[in-house]
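Working notes for the structure below.
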Amino acid sequence: HIRAAGGRFSFGSSGTGQSPHVAAELFRHAAGVEFEIVPYRGSAGAVTDLIAGTVQAMFDSTTTIPHVRQGRLRALAVATPERSPLMPEVPTMAESGFAGFDISSWYVALAPTGTPPEAVAKLNAAMGEVLARPEAAERFAVFNAVPMRGSPGDAGAFLGRQLVYWREVLARAGIGEGRS
């Protein structure tokens, strides 16, 4: 459909530099197609215009699932390595022929440099206890999220891997090289 649109195809984005924008850029590169990326100030306006047909596609979070279930939007693929338990019928980008997509959101608890190790350990232990509770897993599942526990060293290693991954993604997508 994108090639057939003759350059008149557009992706909505919740904002320049945010993960939906990066996903669209990565898709543009992987698919070898050109389209306009229309930045919005947040997801709501982009979703409204997608429903209205002003833009033809977008990457967005699980907040659009109600629109999919009500038939206003059609989910084409998820940009995570595994299918979403919230919509197991929707294939991944890799299953759709576009390997290398992992546009996942994550949060890491941080403390200022110089925080006493005992305080870091105590905070980490308390957060681990909360994240181990079944009700925490249930609450996270509503947002298609999985609580991850580990040591401060695990978090540092994770951040290091993410830094390498996102540098590669941005380079492949051409972000930071004059493309917006």
Long-range amide H contacts for residue 12: which residues qualify at under 5 Å (H placed 1.01 Å from N, peptide plane, sequence gap of 5 or more or a different chain)?
38, 56, 57, 58
Picking from 30, 77, 52, which is most flexible by a Gaussian network model of the chain using Cα springs under 10 Å?
52
Would you calculate a helix-derived [θ] at 222 nm for the chain, using -39,500 (n - 2.57) for each DSSP H run of n ≥ 4 and dividing by the full residue count, to the nearest 500?
-13000 deg cm²/dmol
Do any trypsin sites (Lys or Arg not before Pro) in segment 53-134 lie in a loop, going by DSSP, with at most 13 other beta-carbon atoms within 10 Å of their beta carbon, and if so which?
72, 74
Quick check for you: with a 1.4 Å probe and neighbouring chains kept, what is the accessible area per residue of segment 1-98, in Å²?
55 Å²
Quick calc, residue 161 & residue 111: beta-carbon distance into FRET formula, R0 22 Å, rounding 0.05, result 0.65
Would you pull out the residues with amide H under 5 Å of residue 78's amide H, same chain only if 5 or more places away, H placed 1.01 Å from N?
92, 93
Could you order 29, 21, 67 by accessible surface area, starting with the largest, using a probe radius of 1.4 Å?
29, 67, 21
For the residue 154, residue 30 Cβ pair and Förster radius 45 Å, calculated FRET efficiency rounded to 0.05 is 0.90
Using a Förster distance of 35 Å, the FRET efficiency for residue 146-residue 172 (Cβ separation, nearest 0.05):
0.85
Say the dipole of the chain comes from +1 at the beta carbon of Lys and Arg and -1 at that of Asp and Glu; which of 30, 151, 45 then lies farthest toward its positive end?
45
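The values are calculated or read from the model by the stated rules, or taken from the named source; none is laboratory data. Because the structure is predicted, anything quoted here is derived from the model rather than measured. Ideal geometry is used to build each Cβ from the backbone, glycine not excepted, and the neighbour counts take in all protein chains shown. With ligands, DNA and RNA removed, areas are computed over all heavy atoms of the protein, side chains included. Shrake-Rupley method; radii C 1.70, N 1.55, O 1.52, S 1.80 Å.
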